[in-house]
Amino acid sequence: MFFSIKKRKVEAFTLIELLISIGIITMMSMIMFYKYPDSAVRVNLANTTYKLAYFIKEAQLRGSSVDSSSGTIGGYGVYLYNNNKDRAVMWADNVDSSIVTYSGIGIGNSLYDIGTEASTTMLFGTNFYISNICVTISGTNGTISCSNDVNGNVNPSALFSIIRIVFVRPNPQAMIYINGNTSNPEDNACIELSTKDNWLPGHKRSVHVFNSGVVYTSSAPCSTN
């Protein structure tokens with residue numbers, strides 16, 4: 001009896017197919033590595049924006065619940081100065097005995113007295129900065145004043161260089177003041193954070209604070225009109 005052995009043909013990549021596959025994988029890897037730094041920067045910008053929003057909400061929580069009847073702290077606030085674009089400062093507003101409230105609760109004067117009041121500084125890092133601050137001025141039917149123009153240059157017609165977001169017990173309402181004003185809070189504020197490549201998509205984000213106490217973040221820059 002005779003047996004015949006059939007040889008099975010083994011399929012494999014040809015050299016050309018292998019080179020094409022390696023080329024495609026290489027191109028995809030190059031694209032991914034090229035875009036990775038930009039993606040990382042945008043993610044870090046988003047994280048920094050969220051941290052700023054939480055920083056403001058921490059001041060809101062502390063200011064609206066502080067026990068000023070048995071202590072010296074009458075509120076908390078967040079201080080933003082257009083010349084210090086890399087930081088935000090939260091300060092403990094000392095009770096001002098000259099201010100009388102109907103409830104008898106001691107409150108601060110809503111001013112950041114540098115050097116005499118306790119503070120905590122949030123630094124945004126070397127890659128991020130405040131590129132614009134916009135405030136809706138109360139009593140003006142929605143007039144918006146911004147510290148910078150759309151190109152990032154200082155706005156010569158801006159009505160302010162400093163904003164203070166103040167919270168006093170027992171109200172979580174945000175008292176938004178510009179410059180040295182302490183009597184007429186503004187309607188809302190927008191703080192815009194950018195990277196050094198802010199002309200690229202996704203390199204500008206913002207934090208919005210309303211007089212009602214609402215604080216939220218946005219993936220869009222501040223509106224200047």
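The values are calculated or read from the model by the stated rules, or taken from the named source; none is laboratory data. What you are looking at is a predicted structure, and each value in this text was computed from that prediction instead of being measured. Ideal geometry is used to build each Cβ from the backbone, glycine not excepted, and the neighbour counts take in all protein chains shown.
Say whether the condition of being polar (S, T, N, Q) and either farther than 17 Å from Asn83 by Cβ or assigned to a strand (DSSP E or B) (or both) is met by at least one residue in region 160-168. Reasoning before the result, please.
Initially, region 160-168 is screened for residues polar (S, T, N, Q), giving 161.
Those still in the list that are either farther than 17 Å from Asn83 by Cβ or assigned to a strand (DSSP E or B) (or both) too: none.
No: zero hits.
Kindly evaluate Asn151 against the criterion of being within 29 Å of Asn127 (Cβ to Cβ), of a type outside the set (Phe, Trp, Tyr), surrounded by fewer than 22 Cβ atoms within 10 Å (Cβ to Cβ) and in contact with a Phe, Trp or Tyr (Cβ under 7 Å, 6 or more places away or on another chain).
No, not satisfied.
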### Query
Could you count how many residues in region 180-201 are more than 28 Å from Ser65 (Cβ to Cβ) and either at pLDDT 90 or above or part of a strand (DSSP E or B) (or both)?
3
### Task
Could you pull out every one of the strands (runs of 3 or more DSSP E) wholly within region 94-155 that has 3 or more residues that are touching a residue at least 60 places away in the same chain (Cβ under 8 Å) and in contact with a Leu (Cβ under 8 Å, 6 or more places away or on another chain)?
128-136
### Query
Consider Thr121 against the criteria (1) hydroxyl-bearing (Ser, Thr, Tyr); (2) under 20 Å from Tyr54 (Cβ atoms); (3) buried (at least 16 other Cβ atoms within 10 Å of the Cβ): it satisfies all of them except one. Which criterion is unmet?
(3)
#### Entry: Where a residue in region 65-86 is over 30 Å from Lys196 (Cα atoms) and its partner, wherever it lies, is polar (S, T, N, Q) and modelled with pLDDT under 95, with Cβ under 6 Å and at least six apart
Thr72/Asn94; Gly74/Ser68
### Task
May I ask you to say which residue of Tyr216, Tyr177, Tyr129 is surrounded by 15 or more Cβ atoms within 10 Å (Cβ to Cβ), among the aromatic types (Phe, Trp, Tyr) and under 15 Å from the mean Cα position of the chain (by Cα)?
Tyr129
### Summary
(1) in contact with a helix residue (DSSP H, G or I) (Cβ under 8 Å, 6 or more places away or on another chain); (2) surrounded by 21 or more Cβ atoms within 10 Å (Cβ to Cβ) all hold for Ala189 apart from (1)
#### Entry: Answer from Thr195, Thr182, Thr217 - the residue that is touching a residue at least 40 places away in the same chain (Cβ under 8 Å) and over 21 Å from Thr48 (Cβ atoms)
Thr182
### Query
What number of residues within region 74-118 satisfy the criterion of being of a type in the set (Gly, Ala, Ser) and surrounded by fewer than 17 Cβ atoms within 10 Å (Cβ to Cβ)?
6
#### Entry: Within region 169-179, tally of residues that are part of a loop (DSSP other than H, G, I, E, B) and either modelled with pLDDT of 95 or more or in contact with a strand residue (DSSP E or B) (Cβ under 8 Å, 6 or more places away or on another chain) (or both)
2
